[in-house]
Amino acid sequence: METGQTISKRMKVFAYIRKSTEENQEGESKKQLNSLEYQKAAVEETAIRNNLEIVKIFKDSKTAYKAYVRDDFNKMMDAFDQDGVDGEIKGIICSEHSRLARNFADGGLVLWYLQSGLIERIYTYDKMFTNSADDQMMLAISFAMDKHASDETGFRMRRAWDIRASQGQPPNTRLPGYRYVGEKGKKVWQIVPRVAPLIKEMFQEYATGKYNLQEITDCMFSRGLVSPMTKRKYSKNSVLGLLKNIAYTGVFYHKGEKVHGEYIPIIDSELFYKVQEVLNNKAHTKISVGNDYAYSGGLIRCAVCGGNMSGTVKKGITYYRCLNRIEPCKSEKDKRPSYLREDTIDEKISEVLKKVEISNKEFEKIAGYVNLLFEDEKTKYISNLRKLTIQKKEAEGELGEITRNLLEHRRLAKEKRDDIWKDEENGYLCLIRDSNERVNMLKRSMEIIEEIKNKLPGMMFDFLDAIKTAGSRFYESSPENKRMIVRTLCANLVWDGENIVWKWKEPYHILTNSAEKINWLRE
Ligand SMILES: [Zn+2]
């Protein structure tokens, strides 16, 4: 098996060849260089010379100056993603470096992959680039020398610089926590000292994952966050808009371009993306993750004020209480309902469920609905995963582009590293930090969704089992199952301090022959 051993010792690489149509007009010699056959021969020769094993040849025969076009180049980059940092595919062979950098974004992407270790080496017919800082710089310069790439670079960089130099401020945006000061045309963002700390608190509180949107809206209103125009409470959607506004981190988008702002950030990007992660998870996952309060999150409401009852633990016992954020509970202490013990709810729900007899026929009917419910849930996860995958690709493309900008910035200003140069440098580093956080946040969100998606079949089985034995085993069910059962069977649970009242949901009211409404007294 000597041959086998020799083969396994060879470094595995992909080859990339590309035929560009515009070069066809540039004479016979170019035409020959451009042909796929010629390039294929060149990469094969390079492979033999460097003792490399070509795992696959990716080829594109059309020109594309637009980034993110689906073709073999992107398939190759995807394959590196799949292969991972410790994967067996170590590099790319191409006939000349310009084949890789069809456009600005792709060049940046290649550099980023090199930097992140997904690609270790790039071989051309006569050169080899490693992932050392010097080689990355050389490659960046080589890419920039490419006529088309450099044209586009110049334009895009000028535009980005223009924006930063002239403004460094998000144009035409009013954002709570900042106000414009200065004369017309030279207005800059300044922090509003009374509001900015509240904005920061809002992000910090929401990042804990303990609030839903309504709760954080109410909570921040109670702490004094009001709309500057109306002096009234923000709507849930406005608060969502604030929580999603990246400008609070000192970075903003202008005409699709990410810009480093010249104003003081209110929060850092780590906190911002933690909040985005919580928002992602809340939007994507109906089933609560890591929440031990079976009936929290708006499942039970306070009969006095209509607010949500929220879980809390006191001396090892779980209670639900009105958060007293809405009138009359907010100011009138004696009107507030008493705390509601979780085991009391369990007991009463299980008591009612015990009386409900489920025939096999009815159970089958429920099983059908539950199956649909979970199928529906799974479809949502899959479509959300798809959305996040696209977002991650965009974020990575952006990261590549900024990294590319940074290298170009360093190259262009090699002699003149003055204060302005340093500011620019810091700006780029800040943008890169932001993009990194974004990519990592998306990765974490995807992992969580993937995990839940995989847990779904098991959860469905547990859930059906819990329904079948709802009365006798309800008490021992996991918080998730209790929650699912109550959410599936009951609606409008209200606690007034003495009674808990709910309605049976269609079609589950078939379970109870008696009334649509169930009432019980505390004593
Ligand atoms: Zn209340």
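Just to check your reading of the model, which residue among R483, R522, R473 is at pLDDT below 75 and either within 22 Å of S310 (Cβ to Cβ) or crowded, with 19+ Cβ neighbours inside 10 Å (or both)?
R522
Looking at E44, E28, E2, E22, which one is at pLDDT 85 or above and surrounded by fewer than 21 Cβ atoms within 10 Å (Cβ to Cβ)?
E44
I need a count of the residues in the stretch 305-324 that are within 8 Å of the ligand (Cβ to nearest atom) and more than 17 Å from N499 (Cα to Cα).
So the answer is 2.
Filter the stretch 325-338 for residues that are in contact (Cβ under 8 Å) with a residue 24 or more places away in the chain and out of contact with any helix residue (DSSP H, G or I) (no Cβ under 6 Å at 6 or more places or on another chain); which is nearest to the ligand (Cβ to nearest atom)?
Step by step, filter the stretch 325-338, then rank; the result is C329.
Please identify the pairs in which a residue from the stretch 221-249 that is touching a residue at least 12 places away in the same chain (Cβ under 8 Å) has its Cβ atom under 8 Å from the Cβ atom of a residue that is acidic (D, E) and in a loop (DSSP other than H, G, I, E, B), counting only partners at least 6 apart or on another chain.
That search, which allows pairs on different chains as well, returns T249/D268.
Here are some conditions: (1) outside the structural domain of P337 (by TED's automatic domain parsing); (2) at pLDDT 90 or above. Y253 meets all but one. Which one does it not meet?
Of (1) outside the structural domain of P337 (by TED's automatic domain parsing); (2) at pLDDT 90 or above, only one is false for Y253: (2).
Could you go through the stretch 390-412 and let me know if any residue there is surrounded by fewer than 13 Cβ atoms within 10 Å (Cβ to Cβ) and under 28 Å from K455 (Cα atoms).
Taking every residue of the stretch 390-412 in turn, at least one turns out to be surrounded by fewer than 13 Cβ atoms within 10 Å (Cβ to Cβ) and under 28 Å from K455 (Cα atoms).
If you go through the stretch 183-192 one residue at a time, do you hit one that is assigned by TED's automatic domain parsing to the domain that holds P265, in contact with a strand residue (DSSP E or B) (Cβ under 7 Å, 6 or more places away or on another chain), among the β-branched types (V, I, T) and at pLDDT 85 or above?
Yes, there is a match, as at least one residue in the stretch 183-192 is assigned by TED's automatic domain parsing to the domain that holds P265, in contact with a strand residue (DSSP E or B) (Cβ under 7 Å, 6 or more places away or on another chain), among the β-branched types (V, I, T) and at pLDDT 85 or above.
If I go through the stretch 258-285 residue by residue, how many of them are crowded, with 16+ Cβ neighbours inside 10 Å and either modelled with pLDDT under 80 or among the hydroxyl-bearing types (S, T, Y) (or both)?
Selection size over the stretch 258-285: 9.
The values are calculated or read from the model by the stated rules, or taken from the named source; none is laboratory data. Predicted model, so just to flag it, every value in this text is computed and none were measured. Backbone-built Cβ (ideal geometry, glycine too); neighbour counts: all protein chains shown.
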